[in-house]
Structures are given as structure tokens and as C-alpha cells.
Amino acid sequence: MTALNSLAPGKSAIIHSFSDEATACKMMSMGILPGSKVKLIRKAPFGGAIYIKADNQQFAIRNNEAECVVLK
Amino acid sequence: MRSAEIIPSATKTLTIALLGNPNCGKSTVFNQLTGLRQKIGNFPGVTVDKKLGQVNLTNGKVVTLIDLPGTYNLYPTSQDERVVLNILANPADEYYPDAILYIADVTQLEKHFLLFSQVRDLGIPMVLALNMSDAAAEQNIHYDTGAIAKAFNVPTVAISGRSGDNFQQLKTALNQLVTESFTAPKSFYQFSDTEKEISQTIQKKYQLDNPFQALLWAQNSTRLTFLSEAKRGEISQLISDKNFNRLANQVREVMQRFDRFTPMLKKAIQRTETNKISHTEKIDNVVTHRFWGPLIFFALMLVVFQAIYAWSSFPMDMIEAGFASLTEAVNSVMPDAWYTSLLTDGIIAGLGGILIFIPQIAILFLLISILEEVGYMARAVFMFDHLMQRFGMNGRSIVALVSSGACAIPAVMSTRTISNWKERLITILVAPFISCSARIPVYTVLIGFVVPSATIWGVFNQQGLAFMGLYLVSIIAALGSAWVFKKILKTEERSFLLLELPEYRPPVFKNILFTVYEKVKTFVIEAGKVIFVISIILWVLASYGPSNKMELAEKEATTLATQNNLNEAETADLIAGKQIEASYAGHLGKFIEPAIRPLGYDWKIGIALITSFAAREVFIGTMATIYSIGSADDDTGTIRDRMAKEVNPITGKPTYNFATSLSLLVFYIFAMMCMSTLAVVKRETGGWKWPIIQFLFMTGLAYLGAFVVYQIFS
């Protein structure tokens, strides 16, 4: 089980679940759901956050939140 | 149940709320529907934009449209989102809508349907507008409006806010909605047994019509500001009695909704999946690049800075010249009396002091709203989030800090888009530290007393380097105090960064112009009031003195002038100098002298400190008046020469020695000497608490800094 923040830039994976309920609620409300395909596009220039693509949409998300996204 | 019976009353117009996710194109639709018939304000108790507008529906019916902040669900994590919840969960709220216009981006319909399905369950009449129909056509997305309307039992119209397509149909649908009777459709969400029990208990106890509204009370009781402490307690008790896990149930609810509407939407939409890399991705490959990204950002910030700093100087000079000639004209036709002075030095000067900021505000918001509109600002937040988090701020804060280098007023106003309250507050509190253009004249006059005008290694002008040092100190002060505030300020809001990076889109110029117009108008009306009142107070302080001391001062000056054979201008300067000494401001200056003596200042500087509370550059004008060279006006050279000659009567040495001048410089870097900024901070934080705290800590730091510097070097 890996988390989203440990995905290498350019790689994709499928979301399995969320390890934190508050993050889950927020991410799911934005359309990022278990089963969604997610791709890590790049890391922020000064670190701390990542640029992801999920279901044809781009999002910026902090590493703290990305840690709660469990991948298949 | 709301129905046709309540409509005929002609006295109250119906309220339609505009709702949707962020980036759904809501404000474009709002502007299309209302045009310039809008009123902007704050929601009570918070500084979240409240936009109201009038819409002419078909057959002359007028309704009020309220633009609610964009949100993803009804479980808020920010101030903006809490506003939406507090209106929709409270049928007694002043803005509780009679009907809802829900805007969904048809190119991302699944995502936009979560909030839609929640709002639908509130049992309020609703029209669904599928926005961005033009973009859908471009992306080869086909959808069946009729099928969506039927599946969700909601009148549905496909529109394009950008081009204004189908707005007539939208108005017809809204008109039907508010004139025909309405029966709420069956709840979309299927409650669990516990949820049913809780919601029924709340419905019965507090007479709520709608079960989902009752569930929202249970889920959000601590965030509902309209509930009394007692009611919140009762609900919390109920939640713990039933062993109800709020978060887990929110997740379950969201999950169930998606599970139910996704297949329904799939049937109504055909999308040809392409693996083509979108233009947004291509742009972002450069714009958010590890190296080029920040570089492009700083190049853009340079343009922003240059624009507010340089481009605004021409219109500002025009405004200044206009007010100067108005003053002159008034002085020439009106008698030399107190009311003329009130009109020119009080009222006209006060108005001029407000209007002078318009060019900077307009230019900054023109540029910022272009960056927001095209979708760039979200990228800046992404790139600088980590860096700014260390100082308790947000990527958007950088724009405010850079703008502060020209003027803190538009900078403070620009923080409204920072949704986290703590990050926004810190940005507002520290932005005025950054040296603005009003400090330059003060620095120019004083720097000569501190650093000689020589070059180092034949290249660097020492005074130029000192100038840079002053800017650097101001930046350090801003970041340092931001760090301190980050440690001190407590917030219950958990800091999230989960930000949509929207597709790049060409800006809608109507939206940009509305934003600029709105910002200028709010500044002139809201902050203008405060600036105006303070201007009048300062005028009274400088023009009046206790008993007949002002007349005595004039007489004394006139006698002195005749003895010394002074010409007319010199006589007037002398009178002005003696009068300001005799005025209340003069007395105040003398009164505070003991307090400022440890900083190396005399009462004359004290007067200038008091009057320059209006704006820092007033320091120069006051100095000119005090030293009776007022007619030299803005010529800093004359003023500096005169100040250089000033001798301390006690020590017999020059007043503006190294220590005093450096101490004054330090004072002006830090001190909150700008009533206009305070007025804007009051408006943007919703009260006097924060501007007063800001004034105290900035001026306190200024005093301390000046004290230390003077004590070391004197």
C-alpha cells in the first residue's frame, strides 16, 4: 500500500481509499473518489505540494493531504 | 411548503440564490443576468463578499439574485463555505432563497453534482443551468438536457455564461419556477436509520420542514451561528446519545450520492475520451515548472509592481493637480474665513486624499483579476504554498506583499480571495510594513543626513544602497512579524490545500471591469468615510488652538515680518509656522515631547509625527510649514537645506544629526502612519479590533526600533 505522495512524477495509479475522514470528505466532494485514476504531474518548485490530475482535472494538494490518499 | 400563495405580495421581491462549485462560471452568469444592477457588501459578521443584483425575468417581473460563495459541499471548512451553510440551513435567514439557480460546469458534470444533489434535497424550488455549453461543444461532449431534467426531476437549461447563449430560456425557466406551485421531489439521499431518527427528532423539536435541513443541523451544529448556545448543546447531546459519528456519516453520504448519480449521468452524457494532452497541461509544463515557474511569476509581479508604481503616477498627478486648482479657485472666490479653510484644507483636501488612491486600486485589480480569470492565480498558490506556509500565509499573499511595495491599500483589498481566514489576516497585518511609495519622500529627505552621497568602488551610490537597505528591513519586518503572528493566532480552521487548478480560459472582460469598478466604489464609499472624518479632525487640530493663541501667533509673526522687511510669501510662511506651533497639533507635539525625546526628536518633529498620521508624505509638508518655508512646497532640496541648519537650542548642535535622522528613518519604516490603510483594514477585517492592534504593534515596533537606534548612536 503506497500513498499518493510517494508516487513518482509522471506515474499514475488508482485510488484505493483515504486514511483520514476529513480529507476523504473534502477530496470526494471535489470528485476525487476511490477508484479514480490519479496521476502525479509534478512537485511544487519549493516542495510541500504536488500537482495531480484525476479524471481529467488538475488539482494542487499538500503532501500532508496526499499522505492520506491510499493507492491500489 | 413554499408555493404560489406567497408570490403576489408586491412589497417584497423574491430572492433567488446563485449556487455552484468554485470555477463553475457563477460570477459570469451573475453579471450576465444583473448587469450593473448590483450591490456589493459583506455578509453580516464576516468579510465575505455579498453580491446582490436585480434581474428582470419575463413579463417585467423583477427578482433579487444573490450570489453565494462557491462551495463543493455543505460541510464547510472555510469562512466562505460557512456563509452558504448558514443561509441554506436557516429558513428564518434574511437571505434564505425562495428559489435556487444552480450552475454546473457541463464539461465536469459529475463533480458539480454532489452539491447539486445536496441542495436539491433541501426542498427549495431549483433550476439547473448546465454552463459552458460552448466549451462542451468544443470538447465533443454531448449531453441530453431533457434526460437530465427527467432523471433528477429538476428544470434544466443549457447555457453559456461567456456568450450569453440561452439566457432568455433561463429567465423563462426561473419565471416558471417562481410563479408555479412547487412540490419538493423525493429526497435523493437515502438516510440511514440513525440519520432518520436524529433528523426526525430535530425536525420535531425545532419545527423544521425538511429532513435534510435537520440532518445538516445535526452534522454542523457547531458551525451554525444562528443557533443559540442552548440549542447547539441540545443537538450535541443528541449526537452523542445516538453515538453518531459525524465525519464517517459525511463520507458515507458523499459516497452514496456519487454512487447513485454517476450512473444516471453516464446515461445522459457521451464523452469521447481522448489521450491528447490538453492545452492547459502544455501551458502548465512551463508555467509551473520547477525553474521557469517561479521566474515567470516574478516577472509578472515585476509588471504588477511597475504598473501600480509607475503607470499610476500620471493619473495620480492629474488628480492632485485637479484638486490643487480647485483649492486655488475656491480660495480666490471665497472670503478669507474659517469656512473657506474648512472647505479647502479640510473637505477638498480630504476628498483629494481619498480619490488619489483610485488609479492604484484600479490598476492592481485590473491585473489581478486578469490573472484570476485566466486561472493563473491558482498556479501561484500551488508553487509558493510551502514557502508562504512557513510565515502563516498563502501563495496569493505574495501578490499582496508585492503590491504593498507601491501602496498597502490595494494590497490589503486584494487579500479577499484568500479563503483561509488566518492566512488572510496575517497578510493584511504585515503587508503595510513593506515600504510603499509614500515613504520615498521621507526617506529622500532624511537619508542625506545619515549617509553621504558618495560612491563605493566607483559604482554603487551609498545613498542608493541605503535605500535598498531600508526596503530590505521592511521586508524582514513583514516576514518576521508574519512568523510571530503565525505562532500567536489560533484558529479552529484546519489548513487545507486542496485546490482545483482550472483550465486556462481567455478572460471575460466584463467580469474584470465589474471587479475594478466594484473595488474602486467600495473603497471610495466605505474606506472613504473614515479617511474623510480623520482628515477633518486633523484639519481642526492644525488650524485651531486653545483660546486666542492662533491670533496672537499671527500678530506676533506679522510684527516680526515687518521688523525684518520680509516679502509677502515669506510673511505668509512665517505666519503659518507660528500658527501651527500655536495650534492644537502644536500643543500635542509639545505634549508628547517627553515621550519622543529618548528617540532624539523635539516637539517640531512631534507635530510632524501627528500630522503625518494622515499619510507619511505629509511629514515633508509639515516640516516645511513648521520651518516657515511652506511656499517652497514639495521641493525636498529646500526642506533638507533648512533642516540641516536647524540647531538644537540646548546642545547647540544640529538637530538632524546622524542619530536623530537614523532614528526617524527607522520610525518611518515601521510605523503605521497611514489612516487610509487603517480604514481599509477596518473594512476588510470587519471592525476596529484588528486595525487598532495593527496600529499599536507597528507603532510600538517603530518606537522601540527608533529608541534603540538613537540610544546606540547618540
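In the range B:106-144, the residue that is nearest to the chain's Cα centre (by Cα) out of those that are more than 14 Å from chain A (Cβ to nearest Cβ) and assigned to a strand (DSSP E or B) is B:Asn131.
Which of the residues spanning the range A:29-65 are out of contact with any strand residue (DSSP E or B) (no Cβ under 6 Å at 6 or more places or on another chain) and among the small types (Gly, Ala, Ser)? Across the range A:29-65, the qualifying residues are A:Ser29, A:Gly31, A:Gly35, A:Ala44, A:Gly47, A:Gly48.
Picking from B:Thr77, B:Thr34, B:Thr58, which residue would you name as being among the hydroxyl-bearing types (Ser, Thr, Tyr), over 29 Å from B:Val681 (Cβ atoms) and under 25 Å from the mean Cα position of the chain (by Cα)?
B:Thr34
Selection of the range B:173-185 for residues being more than 41 Å from the chain's Cα centre (by Cα) and at pLDDT 90 or above yields an empty set.
Among the residues of the range B:366-398, just one is under 13 Å from B:Thr427 (Cβ atoms), part of a loop (DSSP other than H, G, I, E, B) and either without any contact (Cβ under 8 Å) to a residue 40 or more places away in the chain or within 12 Å of chain A (Cβ to nearest Cβ) (or both), namely B:Asn394. Figure legend. Inter-residue proximity from the range A:61-72: first residues within 11 Å of chain B (Cβ to nearest Cβ), second residues among the hydroxyl-bearing types (Ser, Thr, Tyr), beta-carbon distance below 6 Å, spacing 6+ or different chains. Indicated pairs: A:Glu65/A:Thr23; A:Cys68/A:Ser19; A:Cys68/A:Thr23.
A single entry from B:Ala431, B:Ala438 fulfils the requirement of being under 20 Å from B:Arg683 (Cβ atoms), in contact with a Lys or Arg (Cβ under 9 Å, 6 or more places away or on another chain) and of a type in the set (A, V, I, L, M): B:Ala438. Of all residues in the range A:26-49, those that are within 9 Å of chain B (Cβ to nearest Cβ), among the β-branched types (Val, Ile, Thr) and either more than 19 Å from B:Gln250 (Cα to Cα) or in a strand (DSSP E or B) (or both) total 1.
Tell me, yes or no, whether the range B:646-660 has at least one residue that is assigned to a helix (DSSP H, G or I) and crowded, with 23+ Cβ neighbours inside 10 Å. Yes, because at least one residue in the range B:646-660 is assigned to a helix (DSSP H, G or I) and crowded, with 23+ Cβ neighbours inside 10 Å.
Scan the range B:268-316 for residues that are more than 10 Å from chain A (Cβ to nearest Cβ) and under 30 Å from B:Ile148 (Cα atoms) and jot them down.
Passing the criteria: B:Ala268, B:Ile269, B:Gln270, B:Thr272, B:Asn275, B:Lys276, B:Ile277, B:His279.
Among B:Ala230, B:Ala218, which is surrounded by fewer than 19 Cβ atoms within 10 Å (Cβ to Cβ), outside the structural domain of B:Thr15 (by TED's automatic domain parsing) and assigned to a helix (DSSP H, G or I)?
B:Ala230
When the range B:240-252 is filtered for residues that are more than 9 Å from chain A (Cβ to nearest Cβ) and crowded, with 18+ Cβ neighbours inside 10 Å, only B:Asn249 remains.
The values are calculated or read from the model by the stated rules, or taken from the named source; none is laboratory data. Because the structure is a prediction, the values reported are computed rather than measured. Virtual Cβ from ideal backbone geometry, glycine too; neighbours counted across all protein chains shown.
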